[in-house]
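First up is the structure itself, then whatever we jot down about it.
What follows draws every value from the coordinates through simple rules; no lab data is involved. Just so it is clear, the structure is predicted and the values come from calculations on it, not from any experiment. Don't worry about glycine lacking a Cβ; one is built from the backbone with ideal geometry, like all the others, and counts go over all protein chains shown.
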Amino acid sequence: MTGRAPDRSLGGRRNFCRIDDEVLLSFRLLRDKESSGEMAADRPDASSDTFTLLSQVALQRENVRGLLRALRSESPRILRCISAIEERLELLESWVLLNRLAACSDQPQTVRLSAGGMSFRTGSRLRADSVLALEIVLLPSLTGILSRGRVLRSVRQLGGDGSLPYLTAIEFIDMKESTRDLITRHILAQEGRRRRRDRHEQRPRGT
C-alpha cells in the first residue's frame, strides 16, 4: 500500500507553520450584535479605513508577485519597470502606516502566530467563545491584517509579565484564504531570516 505523498503546497504547509514572533497588535471585544452580524471578512471595524486599505494593498501585492515571476524570463525590461513602481508603492504604504502607528503607543508584542490563529498575553481574562476585532501589523514588512478572532481559552499564567497575566488563544474567523497564505509566507520568511542569522552567528570570526 502506497502512502500519500506529503502536501508541499503553501496551503498544505500552512497547517504546520507557527512561530513565536513580535507584531503590533490591537484588539477590542465585539458586542454580541457585532460578532453575529454580517461583516466583511478581514474588515471587523468599518472605521479602520486606512488599515483596511493597507491590508488590501498587501494582498494585491502578493497576487502580483506571482505574475512578476512569470515576466522574469519573458519581458525583463517590463519587469524592471513594474518592480520600480512596486517599490515606490511599498514606500508610500510604509509611510502611511508609520504615520498611523505614530499616533498610538503600541509596542511590539510577543505572540505565537499561525495561519489559523494565535496566542498572546492580555491584562484580563477573556471569556471563551467571545469574538475580538483584531488589527495586526507584521514586522518588519509592516503588513497590516484585519481579522476577527474567537477566544478559545484565556488562562492565568504563573510568573511572567505581571501586567499581562493571562495567556489568551484565539482562532481566526471569517479570514480569506489569501490572508492565511500571506501569514504563512510571513512565517516562512521569518524562519528563513532566523536560519540565516544563526548561520552567520555560528560562522567563525575572520572567515
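Laid out as a table, the results:
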quantity: Amide hydrogen neighbours beyond the local backbone of Ile173, cut-off 5 Å, H modeled; calculated: Arg148, Gly149, Arg150
quantity: Alpha-carbon centroids, segment 146-197 and segment 116-143: separation in whole Å; calculated: 7
quantity: Peptides ranked, highest mean first, by Cβ atoms within 10 Å: ranges 56-64, 77-85, 181-189; calculated: 181-189, 56-64, 77-85
quantity: For peptides 192-200, 147-155, 86-94, sequence by mean Cβ density within 10 Å, most packed first; calculated: 147-155, 86-94, 192-200
quantity: FRET E, pair Arg77, Ala189, Förster distance 45 Å, beta-carbon r, rounded to 0.05; calculated: 0.95
quantity: In sequence order, calculated HN-Hα J values of segment 110-117 (Karplus, 6.51, -1.76, 1.60; Hz; x Gly/Pro); calculated: 6, 9, 9, 10, 9, 6, x, x
quantity: Efficiency of FRET between Thr122 and Asp174 - r from beta-carbon atoms, R0 25 angstrom, step 0.05; calculated: 0.75
quantity: Sorted by Cβ neighbour density within 10 Å, fewest at the top, the residues Thr179, Thr110; calculated: Thr110, Thr179
